[in-house]
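First comes the structure, then the notes that go with it.
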Amino acid sequence: MAKTPKIIPIETVMTDGPQHVAIIMDGNGRWAQARGRPRLFGHHAGAKRVREVVEACPDLGVKYLTIFAFSTENWKRTQTEVAGLMSLFRLYIAKETRALAKHGTRVRFIGDRMRLDRKLIDLMDNLEKETAKNDRVHLTIALNYGGRDEVARATRRLAQDVADGKLQPDNVDEETLPRYLDTHVLPDPDLVIRTSGEARISGFLLWQSAYSEYEFIDTLWPDFTAEELGELVVNFRTRDRRFGAVAE
Ligand code: FPP
């Protein structure tokens, strides 16, 4: 008997990718409050979701995953919450290093490390070193990251190179500037997801997401699953990305 060919909906084959997914993990506080628990309980639940999402990436064809863990504005939260988050990051890195390394994940951090404590910086350095040879998934964790702050720091370095005669002002263009950004080794995100129903980008990857597709979804981050990521990836493939050009 002839085999019935598998019918693939036309929309799902329109584009490949996304190669790079970036996520604003929002809603931990509300998730905890809905359960009558302190906000940090929500952050711990949120941290637990990261592994499943990272591990789902290879099957979805997602090579780069960038997650927003702490913004330069998050220091304005209460001292208890900030200290709790810093302690969670230390705990997470210490606990997850082996699993991430074993899974073939390469981890990088972006953001300004200057304001972070020594112990956390050492753990971050160690995780980057331990996973430096991996290439299965490239996980980038934005920690003390702000898009404006990143552009300001990049501009400072660029200006220094001009002052040192290493770079001519006439040669500063769209190719040159991103080489000074924290993300200089990464491709731009194809898809940016924000959980928890808020439709704003909060300074996440400002330069890099100029042509990204966005998904603002209602799910609170601690409820986000690999399955939902899969649905968003399939949805992405139906989109007609023109980068300012006209469809052929
Ligand atoms: C936003 O939720 C979330 C954060 C500010 C922290 C994100 C951190 C994690 C998901 C956990 C740790 C991550 C890693 C990589 C270990 P919110 O507190 O703003 O929630 P709300 O809007 O409901 O108050």
Review point. Take the residues of segment 61-92 that are among the β-branched types (Val, Ile, Thr) and over 26 Å from Asp188 (Cβ atoms): which is surrounded by the most Cβ atoms within 10 Å (Cβ to Cβ)?
Key: Val82
Point to revise | Tally, over segment 145-194, of residues that are of a type in the set (Phe, Trp, Tyr) and either closer than 30 Å to Glu231 by Cα or exposed (fewer than 15 other Cβ atoms within 10 Å of the Cβ) (or both) | key: 1
Exercise for review: Return the pairs, sorted by first residue and then second, in which the second residue is aliphatic (A, V, I, L, M) and in a helix (DSSP H, G or I), the first residue lies in segment 91-110 and is more than 16 Å from His20 (Cβ to Cβ), the beta carbons are less than 6 Å apart, and the residues are 6+ apart or on different chains.
Suggested key: Tyr92/Ala47; Ile93/Leu123; Ile93/Leu127; Thr97/Leu127; Phe109/Met124
Check your understanding: Can Met124 be described as closer than 22 Å to Gln208 by Cβ and within 20 Å of the chain's Cα centre (by Cα)?
Key -> yes
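Given the residues Arg241, Arg237, Arg179, Arg157, which is the only one that is over 30 Å from Pro58 (Cα atoms), among the basic types (Lys, Arg) and away from the ligand (no atom under 16 Å from the Cβ)?
From the options Arg241, Arg237, Arg179, Arg157, the qualifying one is Arg157.
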Review point. Does any residue of segment 84-94 turn out to be in a helix (DSSP H, G or I) and of a type in the set (S, T, N, Q)?
Key: yes
Check your understanding: What is the residue count in segment 23-55 for residues that are more than 7 Å from the ligand (Cβ to nearest atom) and assigned to a loop (DSSP other than H, G, I, E, B)?
Key -> 5
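Where a number appears in this text, it was derived from the coordinates with a stated rule and is not lab data. Given the structure is predicted, the values throughout are model-derived calculations rather than measurements. No Cβ is skipped: glycine too gets one built from the backbone with ideal geometry, and neighbour counts run over all protein chains shown.
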